[in-house]
Amino acid sequence: MPAPDPPGAGDPGWRAEVAEEAEDGFRAMWRDLLPIGLDAATGGYRRHGWTAADADCRAWFAGQARARGLAYEIDRNGNQWAWLGDPASGDAVVTGSHLDSVPDGGAYDGPLGVVGAFAALDALRARGIRPRRPLALVNFTEEEGARFGLACLGSRLMTGAVAPEAALALRDADGVCLAAAMERAGRDPEAAGRDDERLARVGVFVELHVEQGRHLAGTPHRVGVASAIWPHGRWRFDFRGEANHAGTTRMEDRRDPMPSYAAAVLAARAEAERLGALATFGRVRVEPNGTNAIPSRVTAWLDGRAADPGVLDRLVEETTRAAAGAEVTRESYTPVVTFDASLRERAVRVLGGAPTLPTGAGHDSGILSAEVPAALLFVRNPTGVSHSPREHAEESDCLAGVAALAAVLTDLLTTPPTPPM
Ligand code: GLV
Ligand code: MN
Ligand code: MN
């Protein structure tokens, strides 16, 4: 049992709600998952959708579901579900996150919410909680979009936020399309798309996630509740030029796309600083990619985020202006997410006044929030670092996150519905 936090630290006593077995279970699950998809050279994770590492993560999820006697299924879009209670009775409380990673990602982004979901269920069972509604645990596919370029792929497909034809045609770096990858993994791509039947079963969604910033760091609060997600998107910039010899082509004769790309990077950064937005060129492809060849083409992706959609538009406009001659294609866009106020207030109350905070990071709970009330709980991250092998959360903070999730789930699963007036 963790020691209570000092007075005034915001510990309302809900940490005591996690049974020791659930804590041991959390540690064991965490240990099991740690080696999957770990790159020994970088220390980061490469768990991209529908790859061998992803298959291992999926086998782990299925094993955890079966070990607990939960009804296990894979939906039409490849997301994994584990049910306690009858799914058909509807109004389910759903919790979970994702197991995939960015290239060289950390251990916590995603897995904390899936492992946390199983551990929270263990805690509910240890305490003899009798749910009045079904409970489902979920692992959403390819949340990071690291392989096919579109973040929250599984939840977007399920909610129809992306058309199945568009998603299935997306290609990875080797030219393999999503449809082929799903087929190779034994799924039927023809079945992908908005899943009304499944959505009708979901009453509420709660996601536990490591914080990807420093709002909670240095405060006594181990857990916070998200208020909103900034609007964000991905834009592809195609700069075309002409390949030629680096040693014989006079500077004035070159058609080199690299300087325009460089100008776009500098402009994005300067504009983001000026506007209070965030701009990242984190991925670039150069063709033919030879030290002694002028490139024929540079393709680069801008990840843009801002609190205000108008500001985000300005950022993209100014970057496009600086990227003289580039063809710019918006590959994805997620509008601002404001989490359901009454669910958020309920979670804050259950957690004894946990702080609320906005984030610039996208989440499956953000996509789900367009369909059902959704909430996002954050676990303190001492450095704020994420999408990096250095991402970290203290074990005691993760366990506090599990306790917080268990407390919120208990409240949702056991409170009788308010009778109609
Ligand atoms: C998801 O992690 C994102 O990139 O926002
Ligand atoms: Mn992430
Ligand atoms: Mn995540």
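Here are a few things to note about the model shown:
- Unique residue being open to solvent by less than 50 Å² (accessible area, probe 1.4 Å) and within 16 Å of ligand 1 (Cβ to nearest atom) when the list is L278, L302: L302
- Residue in segment 211-219 that is out of contact with any Pro (no Cβ under 9 Å at 6 or more places or on another chain) and farther than 28 Å from P358 by Cβ present: no
- Segment 150-196, residues that are within 16 Å of S101 (Cα to Cα) and within 16 Å of ligand 3 (Cβ to nearest atom): L150, A151, C152, L153, G154, S155
- Pair list, Cβ < 8 Å and 6+ apart or interchain, from segment 86-111 residues that are on the phi < 0 side of the Ramachandran plot to residues that are modelled with pLDDT under 95 and not β-branched (V, I, T): none
- Test result for V114, out of contact with any helix residue (DSSP H, G or I) (no Cβ under 8 Å at 6 or more places or on another chain) and of a type in the set (V, I, T): no
- Every residue from segment 286-296 that is in contact with a Pro (Cβ under 7 Å, 6 or more places away or on another chain) and open to solvent by less than 60 Å² (accessible area, probe 1.4 Å): V286, P295, S296
- On inspection, T159 passes the criterion of being among the β-branched types (V, I, T) and touching a Lys or Arg at 6+ places or on another chain (Cβ under 9 Å).
- Within segment 317-401, strands (runs of 3 or more DSSP E) holding 3 or more residues that are buried (at least 21 other Cβ atoms within 10 Å of the Cβ): 374-379
- Under the condition of being touching a Phe, Trp or Tyr at 6+ places or on another chain (Cβ under 6 Å) and either open to solvent by 30 Å² or more (accessible area, probe 1.4 Å) or hydroxyl-bearing (S, T, Y) (or both), the residues counted in segment 67-85 number 2.
- The residues of segment 342-384 that are away from ligand 2 (no atom under 16 Å from the Cβ), of a type in the set (G, A, S) and out of contact with any strand residue (DSSP E or B) (no Cβ under 9 Å at 6 or more places or on another chain), listed by number, are S342, G352, G353.
- Check on G384, on the phi > 0 side of the Ramachandran plot, in contact with a His (Cβ under 9 Å, 6 or more places away or on another chain) and touching a residue at least 12 places away in the same chain (Cβ under 8 Å): yes
- Residue check, G149 within 16 Å of ligand 2 (Cβ to nearest atom) and among the small types (G, A, S): yes
- Of the residues A88, A123, the single one that is more than 21 Å from the chain's Cα centre (by Cα), part of a helix (DSSP H, G or I) and surrounded by fewer than 24 Cβ atoms within 10 Å (Cβ to Cβ) is A88.
- Some residue of segment 92-100 being hydrophobic (A, V, I, L, M, F, W, C), touching a helix residue (DSSP H, G or I) at 6+ places or on another chain (Cβ under 6 Å), open to solvent by less than 10 Å² (accessible area, probe 1.4 Å) and away from ligand 1 (no atom under 16 Å from the Cβ): yes
Residue-wise test of (1) open to solvent by less than 20 Å² (accessible area, probe 1.4 Å); (2) out of contact with any His (no Cβ under 8 Å at 6 or more places or on another chain); (3) at pLDDT 95 or above.
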{"site": "R127", "(1), (2), (3)": "no, yes, no"}
{"site": "R130", "(1), (2), (3)": "no, yes, yes"}
{"site": "A136", "(1), (2), (3)": "yes, yes, yes"}
{"site": "G154", "(1), (2), (3)": "yes, no, yes"}
{"site": "L157", "(1), (2), (3)": "yes, yes, yes"}
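- Test: residue in segment 224-245 that is among the charged types (D, E, K, R), surrounded by 15 or more Cβ atoms within 10 Å (Cβ to Cβ), touching a helix residue (DSSP H, G or I) at 6+ places or on another chain (Cβ under 9 Å) and within 28 Å of V379 (Cβ to Cβ): no
- Test set (1) part of a helix (DSSP H, G or I); (2) farther than 22 Å from R76 by Cβ - G154 fails condition number: (2)
- Entry remark, segment 173-213: residues being assigned to a loop (DSSP other than H, G, I, E, B), more than 16 Å from ligand 1 (Cβ to nearest atom) and either within 30 Å of A393 (Cα to Cα) or open to solvent by 20 Å² or more (accessible area, probe 1.4 Å) (or both) number 9 in total.
- Looking across segment 151-184, the residues that are in contact with a helix residue (DSSP H, G or I) (Cβ under 7 Å, 6 or more places away or on another chain), touching a residue at least 24 places away in the same chain (Cβ under 8 Å) and of a type in the set (G, A, S) come down to S155, A161, A167.
The values are calculated or read from the model by the stated rules, or taken from the named source; none is laboratory data. Keep in mind it's a predicted model, so treat the numbers as computed, not measured. Note that we place each Cβ from the backbone using ideal geometry, even for glycine, and neighbour counts take in every protein chain shown. Side chains are part of the model used for accessible areas, which takes the heavy atoms of the whole protein and leaves out ligands, DNA and RNA. Shrake-Rupley method; radii C 1.70, N 1.55, O 1.52, S 1.80 Å.
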